[in-house]
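The values are calculated or read from the model by the stated rules, or taken from the named source; none is laboratory data. Quick caveat, the model's predicted, so the values are computed rather than measured. Using ideal geometry, Cβ is built from the backbone for each residue, glycine included, and neighbour counts are taken over all protein chains shown. Heavy atoms of the whole protein, side chains included, go into the accessibility calculation; ligands, DNA and RNA do not. Shrake-Rupley method; radii C 1.70, N 1.55, O 1.52, S 1.80 Å.
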Amino acid sequence: MPDPYMYGETSGRKKATELRAEALGNMLNSAENVLFVLGSELGEYPENTLKEIISKIEATVYKTEAAGAEDFDIEAEVRLGLMEIVQRLCDYLAEEFDYIIFVGIPYHIETRVLSGLRSYDVKTVVTLNWRHQQYADFSFKNISEKDEWKKELKTHF
């Protein structure tokens, strides 16, 4: 019997592949162009770990205009509203990136964003949220303890 979290709250045409930080680290290391979209809940993430990941793979960083995103000491190439970023990804921008990584986007907003991206056939979307997102291509399973999730991120990247 599959775990219930794998199917989320809403129906979808496929579920996200369960993310293992070590495997994602290997995928990102082999990628040529990665986009990180940073949102308002960045304070929940281990800042130094994100900085290390972004600098190690020389990722492009977009920050949302949401309160909280500016408090994180990671330099961004662009600052736009989340919906503006999503619109650009749907129109043309997604083709430039091997992986699109969402970090710090509130869960319910991220669900709608990922569903929209899937409708436009945007590939290789990853969320680093500690809650499962079925509309991503890769997502962690639901992790009830944030310390366990932070440890997973720190250990394997």
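A few notes on this one:
- Accessible area of K141 in the full protein assembly, 1.4 Å probe (Å², nearest 10): 80
- Where the chain is the region considered: accessible area per residue in Å², 1.4 Å probe: 52
- Taking N as the residue count of the range 35-117, its C-alpha radius of gyration divided by 2.2 N^0.38 Å amounts to 1.01.
- For L35, the accessible area of its heavy atoms, probed at 1.4 Å with every protein chain present, is near 0 square angstrom.
- With all protein chains in place and a 1.4 Å probe, the accessible surface of the chain carries 45 percent carbon and sulfur.
- Of K63/K123; K15/K141; K56/K146; K56/K150; K51/K146, those spanning more than 22 Å from alpha-carbon to alpha-carbon: K56/K146
- Area accessible to solvent at V126, 1.4 Å probe radius, in Å²: 0
- Sum of side-chain charges, A23 neighbourhood, beta-carbon under 13 Å (Lys, Arg +1; Asp, Glu -1): -3
- Taking all Cα pairs closer than 8 Å and separated by 6 or more residues, the relative contact order of the chain comes to 30 percent.
- Each of I109, I54 has its accessible area taken with a 1.4 Å probe; listed largest first, they run I109, I54.
- Taking a quarter of the surface of the Cα convex hull of the range 15-153 gives a mean projected area of 7.3 nm².
- Per-residue Karplus couplings for the range 17-32, computed as 6.51 cos²θ - 1.76 cosθ + 1.60 with θ equal to phi - 60°, are listed in order as 6, 5, 7, 10, 4, 4, 5, 5, x, 5, 5, 5, 5, 8, 7, 8 Hz, Gly and Pro entered as x.
- Accessible surface, 1.4 Å probe, highest first, among residues E77, E22: E77, E22
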